[in-house]
Amino acid sequence: MSTTPQSQTGVKAESVLEAQAPAISPSEAESIARRAFDIEATAHPMDSERDQNFQLRAKDGSQWVLKIANPAEDPALLDMQTQALLHIARVDPSLAIPRLKVTSDGALFHEIDGADGRRFIVRVLSFLPGQLLDDATLHPALLRDVGAMAARLARALRGFFHPAARHALLWDLTQAPALRTRTHHIEEQGRRRVVEKVLDHFDEKVLPQLKKQRAQVIHNDVSRLNTLVDGHRVTGVIDFGDLIHAPLVCDLAVPIAELIREQPDPIAAAAGITAGYHAVTALEDDELRLIFDLVSTRCAMEIAVANWRVCDHPENSDYIMAGVEKAGTLLRQMREWGAERMYTALRRACATPVSIEASDFTRTPSNEDSQQSLIERRRQRLGPELELFYDKPVHAVRGEGVWLIDDTGRSLLDAYNNVPSVGHCHPTVVQALARQAATLNTNTRYLYKSVIEYAERLTATMPADLSVCMFVCSGSEANDLAWRLAKAHTGNSGGIVMEDAYHGTTDAVYELSPADYGIDKGRTLAEYIATVPAPDGYRGQFRRDDPRYVDRYVACFDNAIASLDTRGFAPAAFYLDPVLSSNGIMVPPPGYLSAAFKKVRAAGGLCVSDEVQSGFGRTGDHFWGFEAHDVVPDIVTLGKPIGNGLSMAAVVTTPAIVASLMQETDFFSTTGGNPVACAVGLAVLDVLEQEGLQERAARVGAKLRSHIEKLAEQHALIGEVRGAGLFIGVEFVRDHSTLEPAAKETAAVANRMRELGVLVGIDGPRSNVLKIRPPLVFDENHALQLANTLDQALRATQSRN
Ligand SMILES: Cc1ncc(COP(=O)(O)O)c(C=O)c1O
């Protein structure tokens, strides 16, 4: 472990804080101003941590600051500050920083002898007007401007160097581990441990990375007390006392650490400051990754320094300890968020080529936007029947990774939405979309490379026979097109689907979707449709305790085919969602699908794997759901996660099947496969690959399942936990022998979880299956949070019953 840093100039870092500040009277200050600087003014004392400062109000209306440096301050450092001010004034004259006034003899400073025999260096700087940031309301636009100002200042300092620049400074983030020798002053044990952990982590993990970053002389203290503002604008930065040669990114960490405390949405505030900085000087990815640790470390430093200093100066306890509580709270919050969350938000803020006003992040809902009023307006214009999730609907204003942020700034852990599968508003996807939308958007009747490249990438993930893509705009359209392909290729017109299947909303596909068909409202399926029961070994017609239960489910295909035959139809296609989502989420048992496919094909039908839910890595062990079953479908349909939320979908099939349809008719979709869709589709594939999300779905999914299986030991309501990867169903029953479905309890648990900040859904024909299907960027901490919340919700639900 390092020890307290020793300056090249021989001055101990903390000695300036320890040495007594000068004690010149206002009348002496006035006299110095007059004699040495030709300023006739009244002197008014100002606060300073280590120097003595006076505001000079001159008779001619001008205002100045007379700075009497602490005698322990290394003259070389004072010279560095002076030279830096002169440098900035030369390279960016419009930057609002204090200007140095030379003495009447043309010198940069004046020296005086104090009454105590010490010598003091006196400088005069212009006084900058404005309100201290400390007294201002931290509007998002202001936070952004603080970031921009810090970047401009650093830019102006880029070409500056001084031999004293790499000096020892207490607030030098790179020297943070030295404070390890001071942490014993932190009385509260828990806090001490946290601070020590942060400092150790910094020493071991962060510092080696930090040393690789670009470095230069930085201001290092763009903070509440050094920044002047007017409304939402920064009007100046003062106090160059912490100037140091250090990694550039440290300069950004300082205002973030200070300004995001007590913000309603601290991550959004950090994103705002970072975006402001990035707009002036582009931040590198490694720098963005470091910000979380630098901010934590800065908070830890603040706590360590304050606790140590208060021991020596108990009389100044209020002043020294102000802010320590807030630093402690932020440190605790940050440990809850984790580094990834902040990194994702910062990256998103920097990657978004369209400017998102920080005010979009933290809006106070107006009356007009109140839940009730929105619900009423929605009811009138979208119809009263359109479903809203949860008893208390979520008014989402922003998405970020695994989080949905509501209109009050509350972050809800999203464990339901599989469409933004690489994470809400993933910056790579957003950037790809915006870049392409700003370049070209046309249709597949023109030649452009991305649609070819995308089709090549997609088909490369499939068995060789599935080599042709057809692009459309929704999962329903893809299944509709698959239906036309199957009919054209087989010459048949019958369909086989699961009893509670759902494949979409078009007229044709609606007939293939008994789950939504309104059978409960007295409707009957079309005569060309036959259903087979889902191979549900838990509560179905045939159960796992019967060793032949799989064969019995397979035999149902014989019945379905025979039933179609008696009505004069042969199957054109059998549609299957490989995770049987609307059936209550269950993966078909081994051997089932290959035997079923054989039977359908023997009857002349094609097999369609509807990968709208199960595709793109969600099931963990495989990229496509069908791959777990050793089968190759004739047609694969894709949707939902394909575009992370952009309306796009695809059908992938064999050239022969496409040719059959083309003999009958043409195919063209105006927006299907357009350049924007392809750019997004490619970006999604890139992210899935680069971030190893399929592997993550397997790993985190297994962890999550094991957490929930443990809960099943304590909560009798849980009948079965099942699924694959990050697609998990938890079936609730009132009685383990009768399997009486617990639909009311399922709704109560989902609603309670929503109140506790975790979003899950409900599925299954009996509405008694909790549907867990988060974005694939879900990690182990999120899994734990979900399991703990489920535990809490189950306790609350069971205690009510
Ligand atoms: C398995 C399956 N197929 C198809 C669809 C229809 O997709 P879309 O809503 O994009 O039309 C859905 C939608 O939920 C689905 O779950």
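Each value in this text was obtained by applying a stated rule to the coordinates, not by laboratory testing. No experiment lies behind these values; they were computed from the predicted model shown. Don't worry about glycine lacking a Cβ; one is built from the backbone with ideal geometry, like all the others, and counts go over all protein chains shown.
Here are some notes:
- Helix-only CD estimate at 222 nm, as mean residue ellipticity for the chain, using -39500 (n - 2.57) per DSSP H run (n ≥ 4): -13000 deg cm²/dmol
- All other residues whose Cβ lies under 12 angstrom from that of ASP551 are scored, Lys and Arg at +1 and Asp and Glu at -1, for a net of +1.
- One Cα centroid belongs to region 264-292, the other to region 396-472; the line between them spans 24 Å.
- In region 141-262, a dipole from Cβ-located charges (positive for Lys and Arg, negative for Asp and Glu) runs towards its positive end, and of VAL234, HIS245, HIS219 it is HIS245 whose Cα lies farthest in that direction.
- Mean-position separation - Cα centroids, region 745-801 and region 112-179, in angstrom: 49 Å
- Think of the chain as a dipole: +1 on every Lys or Arg Cβ, -1 on every Asp or Glu Cβ, centred on the Cα centre; then among ALA508, PHE202, ILE728, ALA508 lies furthest on the positive end.
- Among SER614, SER62, SER737, SER513, the order by Cβ neighbours within 10 angstrom, fewest to most, reads SER737, SER62, SER513, SER614.
- Here region 575-724 is treated with +1 on each Lys and Arg Cβ and -1 on each Asp and Glu Cβ, and its dipole about the Cα centre works out to around 360 debye.
- Size of charge dipole - region 546-610 - debye, nearest 20, with Cβ of Lys, Arg +1 and Asp, Glu -1, no other charges: 160 debye
- Value of relative contact order over the chain, rounded to a whole percent, pairs C-alpha under 8 Å and six or more apart: 10 percent
- Ranked TYR502, TYR277, TYR343, criterion: other C-beta atoms within 10 Å, fewest first: TYR343, TYR502, TYR277
- Placed amide H near CYS607: partners under 5 Å, 5+ positions off or other chain: PHE574, ASP634, ILE635
- A straight line joining the Cα centroids of region 31-65 and region 503-581 runs 88 Å.
- When region 625-782 is described by a simple charge dipole with +1 on each Lys and Arg Cβ and -1 on each Asp and Glu Cβ, the residue from LEU770, SER647, ALA743 located farthest towards its positive end is ALA743.
- Extended-chain gain in nm, criterion 0.36 nm per residue less alpha-carbon gap, GLU340 and GLN63: 95.0 nm
- Gyration tensor verdict on region 645-801 (Cα atoms; rounded if a/c is under 1.5, prolate if a/b is larger than b/c, oblate otherwise): prolate
- Mean separation of Cα contacts under 8 Å, 6 or more apart, over the residue count of region 380-490: relative contact order %: 12 percent
- Rounded to the nearest 10 degrees, the angle from helix 75-91 to the longest Cα principal axis of the chain is 60 degrees.
- Angle of helix 743-755 to the longest C-alpha principal axis of the chain, folded into 0 to 90 degrees and rounded to 10: 20°.
- At an R0 of 51 angstrom, the distance between the Cβ atoms of LYS710 and ARG158 translates into a FRET efficiency of 0.40.
- Scalar couplings 3J(HN,Hα) for region 26-36, obtained by applying the Karplus form with A = 6.51, B = -1.76, C = 1.60 to θ = phi - 60°, are x, 5, 5, 4, 4, 5, 4, 4, 5, 6, 8 Hz; x denotes Gly and Pro.
- In a reduced charge model with +1 at each Lys and Arg Cβ and -1 at each Asp and Glu Cβ, the chain shows a dipole moment near 400 debye about its Cα centre.
- Antiparallel DSSP beta bridges within region 583-668, percent to nearest 5: 50 percent
- Global geometry of region 245-295, whether rounded, prolate or oblate, following the gyration tensor of its Cα atoms and the 1.5 cut on a/c: prolate
- Helix 266-280 vs. the chain, principal-axis angle (Cα, 0 to 90°, nearest 10): 70 degrees
- The shape of region 741-800 comes out oblate: with a ≥ b ≥ c from the C-alpha gyration tensor, a/c is at least 1.5 while a/b does not beat b/c.
- Note on the chain: Cα convex hull, mean projected area over all directions, 40.7 nm².
- Packing-based order for 401-407, 186-192, 29-35, using average beta carbon neighbours within 10 Å, highest first: 401-407, 29-35, 186-192
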